[in-house]
Amino acid sequence: MGRVSQAQAGENRRRVVDTASRLFREQGTQVSVADLMKAAGLTHGAFYKQFASKEALVGEAAAHAFDELARGRTAGLARYEGQRDAAQRALIDAYLSVEHRDDPADGCPVAALATDIAREGGGREARRVYTEGVAEFADFLGGDDQDGIVRLCTLFGALVLSRATKGSPLSEEILAAAHAALIRGVAVE
């Protein structure tokens, strides 16, 4: 078996980071390297050619997830021609939806990674990336009438509780109640 080209090695790395980002949000950072590499379609041994440690990958995968979140916010602002309130409203609508609740792999890293970062830390880099991502998200959610941290805490709490109570009527009640409370604080025509 021959060596892979630099281009192929770069593509393999991107595939591992993307796969890790999705799996960590869906299953937690305790996913084994072997399972992660299998999901990425690569060998276990290839992991150590790309990453110094799993801890390093956790930080990089978290950064990838927060980059996705930031691109979504930027796209929302563009879609609503820079009208922050309209973009915030659309984000709240999507965030507190059943679809988002049911798709943690492609969902918000704030909610999906919080307990893993709190318990394991994922290393200093993962905690730094997570902290910066939370701060940027809260900043986007800020407005004249309400603190972005309060909005983020409401979004986060509602999503986590609705996921934990999925399958019961309470799950959707949580989403609806948080949505109603947050929308009152966003001035959109």
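Just so you know, all these numbers are worked out from the coordinates, no wet-lab data involved. Computed from a prediction, not measured in an experiment: that's the story for all the values here. In this analysis, Cβ positions are derived from the backbone assuming ideal geometry, glycine residues included, and neighbour counts consider all displayed protein chains.
Here are the numbers:
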{"item": "Sites GLU172 and ALA94 - FRET efficiency at Förster radius 25 Å, r taken between beta-carbons, to 0.05", "result": "0.95"}
{"item": "For region 45-57, Karplus couplings with θ = phi - 60° (6.51, -1.76, 1.60), whole Hz, Gly/Pro x", "result": "x, 5, 4, 6, 7, 9, 10, 5, 6, 5, 4, 5, 5"}
{"item": "Exposure proxy ranking, count of Cβ atoms within 10 Å, fewest first, for SER32, SER171", "result": "SER32, SER171"}
{"item": "Kirkwood hydrodynamic radius over Cα pairs of region 33-115, then Stokes diffusion coefficient at 4 °C and 1.567 mPa s, in µm²/s", "result": "87 µm²/s"}
{"item": "Helix-only mean residue ellipticity at 222 nm for the chain, each DSSP H run of n ≥ 4 adding -39500 (n - 2.57), per residue, nearest 500", "result": "-24000 deg cm²/dmol"}
{"item": "Cβ-defined net charge surrounding SER162, 13 Å radius [Lys, Arg +1; Asp, Glu -1]", "result": "-2"}
{"item": "Under Karplus coefficients 6.51, -1.76 and 1.60, residue-wise ³J(HN,Hα) of region 150-156 in Hz, glycine/proline x", "result": "5, 4, 4, 4, 5, 4, 4"}
{"item": "With Cα atoms, 0 to 90° folded angle of helix 6-27 axis to the chain main axis", "result": "50 degrees"}
{"item": "Selection from ALA56, PHE156, GLY82 lying farthest towards where the dipole of region 53-183 points positive, charges on Cβ", "result": "ALA56"}
{"item": "Förster radius 41 Å - calculated FRET efficiency between SER32 and ASP139 (Cβ-Cβ, nearest 0.05)", "result": "0.70"}
